[in-house]
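**Q** Mind looking over this structure? Questions follow.
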Amino acid sequence: MTPKKDLANDLIYIYERLFAFFGPQHWWPGGTPFEVAVGAILTQNTNWGNVERAIGNLKAAGGLSAGRLRDMPDDEVAALIRPAGYFNVKTRRLKAFLRLLVEGHGGSMAKMKRLELTALRQELLSVNGIGPETADSILLYALDKPVFVIDAYTKRVLSRHGVMGHDEPYEAFQGLFHRSLGRDVALFNEYHALFVAVGKDFCKPRPRCGGCPLEGWRPARCQKAGR
DNA sequence: GACCAGGCACATC
DNA sequence: GATGTGCATGGT
């Protein structure tokens, strides 16, 4: 079997093990696309529980619409999103995203969604404060575009099991998924959430491998080489 | 009290 | 180009 096929099978195997263990994750099932995009920015390097509080505050203040949030003074936004941490930088980042959304797409996520994937990703990446992970989270979870989101957990799990080197660039990790799995929104949605689940419970900076569904697993090419 | 959480931009070498 | 640092709250 070719290495490429091996890698594809490895990724499918990991998905099946994680799904069997953790079950469906139901990420962002209820929120509007706009709420999802706001959450994607607020969750940067931050626990999701804190983000939920911030989003709750925004909702309560009527700030979860593009127009309302754009017109809200920065210090007011910062106070509302305070629980999510980095509230000053995240206020700037939210406002920067809102400029793109309002001025570029009439404040409508539905209109933004009409754009072709590559162009849209470039637009998002041009916004100060939106990097590859945040852009891809918005594309996948808010706009239903088939891009795989690579985060710290994904890199940690794959590198610890010898699938890829930890310091490979974002696009190298992402390319592996795109080549191996095709472009499947529902699969990408679930799979990325499963990486977060296994990362939270087991594949932490200090790993707790006991009981992990991937405990002891090696990729196919390593098994063949006897490594 | 240290460590960690669904990153990113910017400064410096 | 690589490496370091600031941003900040809240849970474990």
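**Q** Using a Förster distance of 22 Å, how high is the FRET efficiency between A:C209 and A:F21, based on the Cβ-Cβ distance and rounded to 0.05? List each step's numbers first, then the result.
**A** Numbers: r = 13 Å, r/R0 = 0.61.
So the FRET efficiency works out to roughly 0.95.
**Q** So, one more: Say R0 is 35 Å: what FRET efficiency, to the nearest 0.05, do A:N88 and A:T32 get from their beta-carbon distance?
**A** 0.85
**Q** A follow-up question, please. In the calculated pair distance distribution of chain A, what percentage of Cα-Cα distances lie above 27 Å?
**A** On the way: 9406 of 25651 pairs.
Tail fraction, whole percent: 37.
**Q** If a paramagnetic tag sat 7 Å from the Cα of A:N47 along the Cα-Cβ line, which residues of segment A:187-204 would have the backbone N under 15 Å from that point?
**A** Correct set: A:200-201.
**Q** A further question follows. Calculate, for A:D71 and A:H178, the FRET efficiency according to 1/(1 + (r/R0)^6) with r their C-beta to C-beta distance and R0 35 Å; round to the nearest 0.05.
**A** Once the sixth-power term is evaluated, E becomes 0.35.
**Q** Beyond a 27 Å Cα-Cα separation, which of these cross-linked pairs lie in this structure: A:K200/A:K224; A:K95/A:K145; A:K4/A:K155; A:K5/A:K155; A:K111/A:K204?
**A** A:K200/A:K224; A:K111/A:K204
**Q** When the C-alpha atoms of segment A:54-135 are aligned to their principal axes, what extent does each axis show, in angstrom, from largest down?
**A** Ordered largest first, segment A:54-135 gives principal extents of 35, 22, 18 Å.
**Q** Let me ask something else about it. Which peptide among A:40-47, A:192-199, A:58-65 comes first, and what is the full order, when sorted by highest mean count of other Cβ atoms within 10 Å?
**A** Order by mean packing, descending: A:192-199, A:40-47, A:58-65.
**Q** Is the shape of segment A:1-101 rounded, prolate or oblate, going by the alpha carbon gyration tensor and its root eigenvalues a ≥ b ≥ c, with a/c under 1.5 for rounded and a/b larger than b/c for prolate?
**A** On the way: a/c = 2.86, a/b = 2.40, b/c = 1.19.
Verdict is prolate for segment A:1-101.
Read-outs: derived from the displayed coordinates by stated rules, not from any lab. Keep in mind the model is a prediction, meaning the values are calculated, not measured. FYI the Cβ positions are ideal-geometry reconstructions off the backbone, even for glycines, and counts take in every protein chain you see.
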